[in-house]
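Undergrad: My structure is below; once you've seen it, I'll send some questions.
The values are calculated or read from the model by the stated rules, or taken from the named source; none is laboratory data. No experiment lies behind these values; they were computed from the predicted model shown. Glycine gets a Cβ as well: all are built from the backbone with ideal geometry, and neighbour counts include every protein chain shown.
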Amino acid sequence: MYFNVSNNDLEGPIPEPLASRFNNESVYAGNGGLCGKPLDRKCKGITNGSSKRMIWLIVVAAAGAIFMSLCCCFYTYSLFRWRRRIQEKSKAGEKKNMGFIPMNVPHVKNSPRRMPARMED
C-alpha cells in the first residue's frame, strides 16, 4: 500500500495507527505543522495524559456540583419539614389550652419593671 501526504501544509499530531503503519519520515515531509511519531517533533499543548487528566477534572467537578446541589435540596427539604412540625405542635398546643387562663401571669400594676409606690408610715 502506498501513502504519501508530503507538502500538503498539514498540522497537528499524526494519528497513532497511521504513524505505526507508515513510519517513514519522508511520507510526512513538507508539513511543518505535523508532530508526533515517526517525526522528531513533539506535539505541544494537548497530550494523552493531560487530556485524560482534564476529563477527570471535569467529571469530578460535575460530580461535586451535583452532590452539593443534592445536599442543598435535602437541607431545604429538612428545614421546611422541621418548620411544619413546629407549626403543627403549636397549633395542637393552642387547641389543648383553649379556655385555660394561667393564674401566675403578673398583672400590669405589679409588673417587676415598675418601682413599687412608697409606703408612708
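Undergrad: Inside segment 1-40, can you point out the residues that are within 19 Å of residue 51 (Cβ to Cβ) and outside any strand (DSSP E or B)?
TA: Selection gives 14, 15, 16, 17, 18, 19, 36, 37.
Undergrad: Here's something else I'd like to know. Would you point out which residue out of 89, 37, 52 is touching a Ser or Thr at 6+ places or on another chain (Cβ under 9 Å), among the basic types (Lys, Arg) and at pLDDT 80 or above?
TA: Unique residue meeting the criteria: 37.
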